[in-house]
Amino acid sequence: MSKLSSKHLLGIEHLTTEDIRTILKTAADFKEVINRPIKKVPTLRDITIANLFFENSTRTRVSFELAEKRLSADVVNFSSSSSSVKKGETLLDTVNNILAMKVDMVVMRHPSPGAHVFLARHIDANVINAGDGTHEHPTQALLDAYSMQEKVGDLKGKNILIVGDITHSRVALSNIFCLKKMGANVKLCGPPTLIPKYIETLGVEVEYNIDKALAWCDVANILRIQLERQDTKYFPSLREYALVFGVNKKRLDNLKKEIVIMHPGPMNRGVEISSDVADSQHSIILQQVENGVAIRMAVLYLLAGKKG
């Protein structure tokens, strides 16, 4: 059984390039499994997994739950909105109570960056980061890389554009770490107010003209404008953002080539992406959703091999 270099998935930053390649290769095997008439395998039959979501999530939570059930694991779902966290219980108390129930793995989304690192130091179970604040979202970056690879082949030397709200996006940071480790060229585009000043130290370029950026890339990964994380106005209006940075059919028609369009969801249609682009033949947005289950099955399977 292939293994990863760590017993946790805390972030792409902590993975080796070999780890990433192992996860993507394993995901390809599981994608074949989930397209069979009988989609279940008994691989994790003796493993209990707790899904701890301290922030709202639909796609990621459902995707993890589906992956766990496809692998025949026992699943415990926990939502902070209906728990003792509301009564003041600490993260460690909550997790210790769940571990007392003999849980083997913890999948957690938490609003605080670094919560997973803290957790991994204090508990014995494998910890998987399903998103920590504006820091990282490793399984999203892995499924994005897998989806790109399916479409354009080896990512080494490919031009990948990430457009939108880079400042508030954990997807952007995980994508940058992952794509750089895979040898891709990465460029960011968005309003100057939504691109952190330090970001070029990660080995990426910044372009503020969306048309130039689209002409450069092989793949454009378009990020949601995260209005719920914005405590101040970063641009005049959503209409203006759509005019200046929105990816629409007219912009794609002006290119002298075809590019691949991606979006991690949920989409603000008509803001960062138009419906005719999201639903076009350029788009692999629905494939990303399908690949998410295969990637999460791969991560769970590989970490189960690192018990103890």
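A short reminder: the numbers here are calculations on the coordinates, not readings from a lab. If you're wondering where the values come from, they're calculated on a predicted model, not measured in any experiment. When we count neighbours, we look across all protein chains shown, and the Cβ atoms used for this are built from the backbone with ideal geometry, even at glycine.
Which net charge results for the neighbourhood of Met182, defined as the other residues with beta-carbon distances under 10 angstrom from its beta-carbon, given Lys and Arg at +1 and Asp and Glu at -1? Can you show the working numbers first?
Values: positive: Arg21, Lys156, Lys158, Lys180, Lys181; negative: Asp154.
Once all neighbours under 10 Å are counted, the net charge is +4.
Tabulate in residue order the Karplus-calculated ³J(HN,Hα) for segment 214-224, using 6.51 cos²θ - 1.76 cosθ + 1.60 with θ = phi - 60°, rounded to whole Hz; enter x for Gly and Pro.
5, 5, 7, 8, 8, 9, 10, 9, 9, 9, 5
Apply the Karplus curve 6.51 cos²θ - 1.76 cosθ + 1.60, θ = phi - 60°, to the phi angles in segment 196-206 and return the couplings in whole Hz, x for Gly and Pro.
x, 5, 7, 4, 5, 5, 8, x, 10, 9, 10
Quick one: angle between helix 285-304 and the longest Cα principal axis of the chain, in degrees between 0 and 90, rounded to 10, please.
30 degrees
From the square roots a ≥ b ≥ c of the eigenvalues of the alpha-carbon gyration tensor of segment 1-67, which class results: rounded (a/c under 1.5), prolate (a/b over b/c), or oblate? Don't jump to the answer; show the numbers that get you there.
Numbers: a/c = 1.61, a/b = 1.05, b/c = 1.53.
In terms of gyration-tensor shape, oblate.
Going down the list Lys3/Lys102; Lys3/Lys31; Lys197/Lys256; Lys187/Lys257, which pairs span over 29 Å between their C-alpha atoms?
On the way: Lys3/Lys102 23 Å; Lys3/Lys31 19 Å; Lys197/Lys256 32 Å; Lys187/Lys257 18 Å.
Exceeds cut-off: Lys197/Lys256.
Check which residues have an amide H placed less than 5 Å from Ala184's amide H, if you skip close sequence neighbours.
Hits under the 5 Å cutoff: Gly157.
With θ set to phi - 60°, apply the Karplus curve 6.51 cos²θ - 1.76 cosθ + 1.60 along segment 173-184 and write out the HN-Hα couplings as whole Hz, x wherever there is a Gly or Pro.
Taking θ as phi minus 60°, the curve returns 5, 5, 4, 4, 4, 5, 5, 5, 5, 8, x, 7 Hz for segment 173-184.
More than 13 Å apart: what percent of Cα pairs in segment 230-297 qualify? Write out the running numbers ahead of the final one.
Values: 1561 of 2278 pairs.
Cα-Cα pairs in segment 230-297 separated by more than 13 Å: 69 percent.
Cα axis of helix 59-70 to longest principal axis of the chain: angle in degrees, 0 to 90, nearest 10?
40 degrees
Per q in 0.16, 0.20, 0.22, 0.31 1/Å, what log10 I(q)/I(0) does a Debye calculation on the alpha-carbon atoms of segment 131-181 return?
For segment 131-181, the Cα-only Debye profile gives -0.43, -0.65, -0.77, -1.25.
Please list the radius of gyration and Dmax for segment 41-181, considering alpha-carbon atoms only, with Å as the unit.
Rg and Dmax of segment 41-181, Cα atoms, are 16.4, 51 Å.
When the helix-only estimate is applied to the chain (DSSP H runs of n ≥ 4, each -39,500 (n - 2.57), divided by the residue count), what is the mean residue ellipticity at 222 nm, nearest 500 deg cm²/dmol?
Details: 11 runs with 118 residues, N = 308.
Taken over the chain, the calculation gives -11500 deg cm²/dmol.
Compute the Rg to Rh ratio over the chain from the alpha carbon atoms, using the Kirkwood formula for Rh, and round to two decimal places.
With Rh from the inverse mean 1/r over Cα pairs, Rg/Rh is 0.97.
Straight distance only, please: which aspartates and glutamates reach the Cα of Lys249 with their own Cα at less than 19 Å, same-chain residues fewer than 8 apart left out?
Counting by Cα, and skipping residues close in sequence, Lys249 has these aspartates and glutamates nearby: Asp211, Asp218, Glu240, Glu258, Glu272, Asp276, Asp279.
Taking the square root of 5 times each eigenvalue of the Cα gyration tensor, what semi-axes in Å does the equivalent ellipsoid of segment 153-212 have, largest first?
That gives 19, 13, 9 Å for the three semi-axes.
I want to verify the translational diffusion coefficient of segment 126-241 in µm²/s; compute it with Stokes-Einstein, Rh as the Kirkwood radius over Cα pairs, at 20 °C and 1.002 mPa s. Spell out each step's value before the answer.
Details: Rh = 14.6 Å.
For these conditions, the coefficient is 147 µm²/s.
Counting other Cβ atoms within 10 Å of each Cβ, which trypsin sites (Lys or Arg not before Pro) in segment 135-182 have at most 13 and sit in a DSSP loop? Mind dumping the intermediate values first?
Values: sites: Lys151, Lys156, Lys158, Arg170, Lys180, Lys181; in loops: Lys156, Lys158.
When the trypsin sites (Lys or Arg not before Pro) of segment 135-182 are filtered for loop state and at most 13 Cβ neighbours within 10 Å, Lys156 remain.
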